[in-house]
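Notes to accompany the following structure.
No lab work stands behind these numbers, since they all come straight from the coordinates. Being a predicted model, the structure only gives us computed values, none of them experimental. Neighbour counts run over all protein chains shown; Cβ positions are idealised from the backbone, glycine included.
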Amino acid sequence: MKKIILLLLIMLSVLFSNTPNTCDVLAANPKDKSNPTGVIGVNLEKIDVVKANKACTQAVKDFPNESRYSYQLGRVYNKMKEYKKAFEWYKRSAEQNNTHAQYNIAGMRYDGIGIKQDKKKAIEQLKELAKKGFSPAQGFLGYLYLSGDGGLKQDYKKAVDWYKKSAEQNNTQAQYDLGEMYYEGKGTEKDYKEAFRWYKKAAEQDLASAQYRLGYMYYYGEGIKKDYKEAFKWYKKAAEQDYTRAQAKLGDMYYFGEGIKKNYKEAFKWYIVAASDPYAQFSVGYMFYKGKGVPKNYIKAYAWFNLALANGRDDIRTLLNDLESKMTSNQINMAQNYDPFKEMMKDYKKSNGSKKKSTSTYMGTGFFVNKTALLTNYHVVKECKSIEVIRKNYKSEAKIIARDSKNDLAILKAQKENTRFLDFRAANSIRIGEEIIIIGYPLGNLLGSSIKLTVGNISALTGLVDDTTMMQMTAPVQPGNSGGALLDRSGNIVGIVVSRLEETPSGRVAQNVNLAIKSNMAQMFLDINNINYEVAVSKDKKEVADIADEVKDGIVKVICYQ
């Protein structure tokens, strides 16, 4: 009798495990084809963690042998950024042969999130899944062969092969990536028509980057007949998903009346929305310069031009010089002290009728010197009621544990450990003319949420009035760079960005003069406060892009809530 009851319970368990559960509704992956009929799923960023945690914890108890509930609970902890717990639940699901969980484990192992990083083992797992026909793993392998990352030898043909296998299974991202390979002629002959075909498949599945590409190809007549109306349609779809380049192009189409009736006010609105893009920064400046869509204003025009120039638009120097010749020295000084971010928010609210008030915050940059300790400028955090440190896939509260107002330094301790920290340069001194790199988060949200990089040279080994604790550099610096690391061409710390010089003591406007605290002052500050840090010898000169890849996860945006 007991055996019969047990058998019935097992049968009922199997029956109900295939019936949609509250956990399925709240935390299922919409790309998981094994979900029960009727389950739509929810994207990771939209999971309601409170409700889903409760529902999925209960589902795991009720159906311990059903792998999808362990996987879904892992997704909940992933959304909560409790990566160790997420890994444990993914592991439990993976051991029950859930391929999505196995894939997530490989990804976490590759990135070193929730478990010790092991790219070699992660790639072995990805290859096993890819050979079984698991589309996301095939797409990931395509990326790895394209980039040559993780120890794999760069091989464009293999990248195309894996992208194609994944794309043919309707993997949206792989379809776009395959389109890129055809467009650029990597691993295959350049073929705009084939590129267009794959972009369109991805665009029709609402991938913003593919929608932008379709708009671009229609605009320029690549692989398809030129059609401004179609270009406008696809640009708008991407722009409405906050795709910055599409927003800037939409601004152009309104400005020039291409595919849509000319409308300067609408053009200005889209340029403002796209203001993290240097081209859009230039365009906003140009509209202020010419008085189109907005009242003519040389101070605002200069500020926006200067911002675009600092972000790589060297081609506008002549225009900026022309504008400067029409301004007084006082106007130029005002323009250089003008904060485009605050004004952008005002302009955006006017153009959208928004009455929402912005939170009182101050933003800067910081960098980790060990797993929990990070350095920034004291002026960035001195008036904070609370502090957050943020980068892609990382967010933590932090508190001040030491401060040095004289040298403008502060040490913060993050609640959560970070996976990457930076090394100080050992022994050899910095020299005048040496190339340096600044990586940080200039102008808060104005330049977008991603990290930004500028390069330059050391121009003097002292600061103002021969201050030996400071040095000067030519790399462009904006508000928000304060507290960021100044790196040499080996990727080691040689200084801490502290400010830009807007005006000399004599009252003259200073051009391209930026200051940094010497790294030895920061090391002394860390030593006094018993903070561990690492040093490394600067030997090989690396590519700037490689340095950015190596250090970016050690650099965070510091948000001070006042």
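Rounded to the nearest 10 degrees, the inclination of helix 278-290 to the longest alpha-carbon principal axis of the chain is 50 degrees. Calculate, for residue 121 and residue 205, the FRET efficiency according to 1/(1 + (r/R0)^6) with r their C-beta to C-beta distance and R0 25 Å; round to the nearest 0.05. Step by step, r from the Cβ atoms, then E = 0.20. Full extension of the segment from residue 292 to residue 540, taken as 0.36 nm per residue of separation minus the current Cα-Cα distance, would add 84.3 nm. Under a straight-distance cross-link criterion of Cα-Cα below 18 Å, which aspartates and glutamates are reachable from residue 233, leaving out those fewer than 8 residues away in the same chain? Answer for residue 233, where 18 Å is the Cα cut-off: 204, 206, 222, 242, 252, 258, 266, listed by chain and number. Remark: relative contact order (the chain) = 8 percent; criterion is Cα-Cα distance under 8 angstrom and separation of 6 or more residues. Using only side-chain charges placed at the Cβ, +1 for Lys and Arg and -1 for Asp and Glu, the dipole size of the chain relative to its Cα centre rounds to 1600 debye. For the cross-link pairs 131/157; 54/557; 201/249, which exceed 24 Å when the distance is taken from alpha carbon to alpha carbon? Long pairs (Cα-Cα over 24 Å): 54/557.
The stretch 148-201: which trypsin sites (Lys or Arg not before Pro) are DSSP loop and have at most 10 other beta-carbon atoms within 10 angstrom?
Within the stretch 148-201, the qualifying trypsin sites (Lys or Arg not before Pro) (loop, at most 10 other Cβ atoms within 10 Å) are 153.
Taking Cβ atoms as reference points and 13 Å as the exclusive limit, the residues near residue 56 contribute a net charge of +4, counting Lys and Arg as +1 and Asp and Glu as -1.
Label zone (residue 34, point 7 Å along Cα-to-C-beta; backbone nitrogen cut-off 16 Å) within the stretch 80-111: 89-106. Database remark: amide H of residue 460 closer than 5 angstrom to the amide H of 472 (H placed geometrically; neighbours at sequence offset of 5 or more, or on other chains; Pro and chain starts carry no H). On a per residue basis, the convex hull of the C-alpha atoms belonging to the stretch 17-162 measures out at 104 Å³. Between the beta carbons of residue 155 and residue 45, assuming R0 = 35 Å, the FRET efficiency works out to 0.60 to the nearest 0.05. Fully extending the segment from residue 95 to residue 227 would add 42.3 nm, taking 0.36 nm per residue of separation and subtracting the current Cα-Cα distance. If you take the alpha carbon atoms of the chain and fit the smallest convex hull around them, that volume is 184 Å³ per residue.
For a Förster distance of 22 Å, can you work out the FRET efficiency between the beta-carbons of residue 405 and residue 550, rounded to the nearest 0.05?
0.10
Listed cross-link partners 165/416; 153/392; 121/164; 51/385; 91/382 are compared with a 32 Å cut-off, the Cα-Cα value being larger for 165/416; 91/382. Label zone of residue 193 (point 7 Å out along Cα→Cβ, amide N under 11 Å): in the stretch 220-246 this covers 223-224. Using the Cβ of residue 41 as centre and a radius below 12 Å, the other residues enclosed give a net charge of +3, where K and R count +1 and D and E count -1.
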